[in-house]
């Protein structure tokens, strides 16, 4: 092939090798066991309930979606993740996570962005639930 063909491909190669935007939250080992019948976790005994636990990069929000499904999100905001202020808290609606620093909002039923400037969803950890024991892990 002609040299000019390879020269034309170089810019496309580098454009395709951009940093994965989902990697902006630090990778932290998470393996948490919660006994949902513990009175300390009474707040997540019904769908729509939520609580904070230690773990992840800046803490974890546990949100009970249904009787048998929990979602667990890192509280580290996905916008400007290097900013030490980037911390997501549950607002008064009990279904929206809000970063007071940048104003981004996230839906706790699926972690999606409802209001920017963030454009990536909250980092979600895997969960398993056997009716009594909730495990949060990655």
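List of remarks:
- Odd one out for residue 26, checked against (1) surrounded by 14 or more Cβ atoms within 10 Å (Cβ to Cβ); (2) modelled with pLDDT under 95; (3) touching a strand residue (DSSP E or B) at 6+ places or on another chain (Cβ under 8 Å): (1)
- Single match in 71, 82, 54 (criterion: touching a strand residue (DSSP E or B) at 6+ places or on another chain (Cβ under 8 Å) and closer than 18 Å to residue 121 by Cα): 71
- Filter result for residue 10 (more than 28 Å from residue 84 (Cα to Cα) and either under 24 Å from the mean Cα position of the chain (by Cα) or modelled with pLDDT under 95 (or both)): yes
- The residues of segment 84-102 that are surrounded by fewer than 13 Cβ atoms within 10 Å (Cβ to Cβ) and closer than 18 Å to residue 24 by Cβ, listed by number, are 84, 85.
- Checking each residue in segment 89-111 for being modelled with pLDDT of 95 or more and part of a strand (DSSP E or B) picks out 89, 90, 96, 97, 98, 105, 106, 107.
Residues are listed down the side, and each one gets a yes or a no for (1) within 10 Å of the chain's Cα centre (by Cα); (2) assigned to a loop (DSSP other than H, G, I, E, B); (3) touching a residue at least 24 places away in the same chain (Cβ under 8 Å):
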residue	(1), (2), (3)
61	yes, no, yes
65	no, no, yes
73	yes, no, yes
84	no, yes, no
117	no, yes, yes
127	no, no, yes
135	no, no, yes
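- Of the residues making up segment 30-59, just one is in contact with a helix residue (DSSP H, G or I) (Cβ under 7 Å, 6 or more places away or on another chain), part of a loop (DSSP other than H, G, I, E, B) and closer than 15 Å to residue 132 by Cα, namely 36.
The values are calculated or read from the model by the stated rules, or taken from the named source; none is laboratory data. Every value quoted in this text rests on a predicted model; they were computed, and no experiment measured them. So basically every Cβ, Gly included, is an ideal-geometry build from the backbone, and we count neighbours across all protein chains shown.
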